[in-house]
Amino acid sequence: MAGRRQLLLLLLLWGFLQLIRLPYSASQSFVGINYGDVADNLPPPASTARLLQSTTITKVRLYGTDPAVISAFAGTGISLLLGAANGDIPNFASSPAAAAAWVAAHLPSTSSPAISAVSVGNEVLFADTSLASQLVPALQNIYAALPPNSSVKVSTVHAMDVLASSDPPSSGAFKPELAAALDPLLAFLSKTGSPFLINPYPYFAYLSDPRPETLAFCLFQPNAGRPDAGSGLTYTNMFDAQVDAVRAALDAKGYKDVEIVVAETGWPHSGGADEAGATAENARAFVSGLVSHLRSMAGTPRAPGKPVDTYLFAVYDEDLKPGKPSEKSFGLFQTTTLAETYPTGLMRNGTAAGLAPAMAPAAAAPTLPVKPSPAPARLPGQQPQVTPLQPGSAAAAGPSALCAPGTATTTARGAAAAACSSPSAAESPRTMSVISIIAGVLLMYLLI
């Protein structure tokens, strides 16, 4: 009897070890992607829906409410974050009937596809401050128009420009001049349990300080870390620093209960001669490093153990977007072959047909001290109805408070090889098989 119990205990131990060794291949609720449409060469929505089903992505952010796109995701298990245009805000704010009509027209009457949230406007407080006073009334009317007991959240997306300070992260604070708009907005989010949506882009922090050590800090490569004297925490990547600067700003306002969701973040895989760092190698390092970081469940230094819900930018390149070449080059997948632009670690089987060849790691660079790097504000997900940056504006000038909560003393760029790769993904049935074995052995053990 004792021998059989020991054998079963060994089998249980083996089962748990198998679970620990399993790659994070099953869909993760905290990994999403943006699906923009400012292009003339996009595949049919149904093809995109099937493509994303072959990944571990579980949520998609749309910038509009195209019925063909929404219906393509029915039955996929992928939830949608819908977008209402900035231009709709005045009408929603002044007319509850208009808000109700929008909800009735655009939210599916069935439970599939699931709608997780609605973003009313995109970076309104940065792109068009004339709408600031109408933003919360618009959100309130959309929220009031939702069906009873609806789980749909209602919010709006912000640029990092809403912060007056972010370096170090513990100093994060909102711009005082935005208080009239932000204070009622935060109260609304807290009351309705809706998230604060933010667009942090480490790429633009690097653009303002294009040195190898800054690049390593932005690409999740090993580094000594940058201590934050205000909190006693140490940061090893720009993404965490930016998110925690927003967390500090929310906490300072008394809204520790308001969750942060990253509505956009990404890295361009190509760009112009004056766009340092816009390469496929760096894009691969950032995206695969971020995905691995999220899957580690480490969270951020200020909020450990809880991964931040994050929407990567973006499914495809958007060839009709205005601006510099990098603006058109954030796509994780190719529009023609639907293959990955570079390995991301998002495919369920760890690879995909037509996958681009892996890039060789960059040569190592010496470790150097790093100074805080300012970063210009940037709107990769901005849609055509939004006013572009104006020359001479505070955002265009790129004050350090916008997107650069800190940098660190880092190791060489050659460490990219480790950060760029992620484990091959196993299918979720393997996980279920191991769990079934463990459950069976445990039952036998209890019956002996």
**OP:** Quick one: dipole size for the range 37-178, taken about the Cα centre, charges +1 on Lys/Arg Cβ and -1 on Asp/Glu Cβ, in debye to the nearest 20.
**Re:** 500
Subject >> Cα shape, the range 281-355, gyration tensor, a/c 1.5 rule >> reply: oblate
Original post:
Between the range 205-271 and the range 42-93, what is the C-alpha centre distance in whole Å?
Top reply: 28
Original post:
So for the range 25-331, taking the charge dipole from beta-carbon charges (+1 Lys/Arg, -1 Asp/Glu), which of Leu163, Ile57, Gly272 sits furthest toward the positive end?
Top reply: Ile57
**OP:** Kindly state, as a whole number, the per residue volume in cubic angstrom of the convex hull around the alpha carbon atoms of the range 25-331.
**Re:** 134
**OP:** Take the Cα atoms of the range 207-334, find their three principal axes, and give me the spread along each one in whole Å, biggest first.
**Re:** 42, 30, 26
**OP:** Take the Cβ-Cβ distance between Ala252 and Ser296 as r, set R0 to 30 Å, and report the resulting FRET efficiency rounded to the nearest 0.05.
**Re:** 0.60
Subject >> Non-local Lys pairs in the range 25-331, i.e. 8 or more apart or on different chains, that have alpha carbons under 28 Å apart >> reply: 20
Original post:
Of Pro147, Asn34, Ser288, which is farthest on the positive side of the dipole of the range 25-331, counting Cα position, with +1 on Lys and Arg Cβ, -1 on Asp and Glu Cβ, and the Cα centre as origin?
Top reply: Pro147
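Quick note: the coordinates plus some simple rules give every number you see, no bench work behind them. Being a predicted model, the structure only gives us computed values, none of them experimental. With ideal geometry, Cβ positions are generated from the backbone for all residues, glycine too; neighbour counts draw on all protein chains shown.
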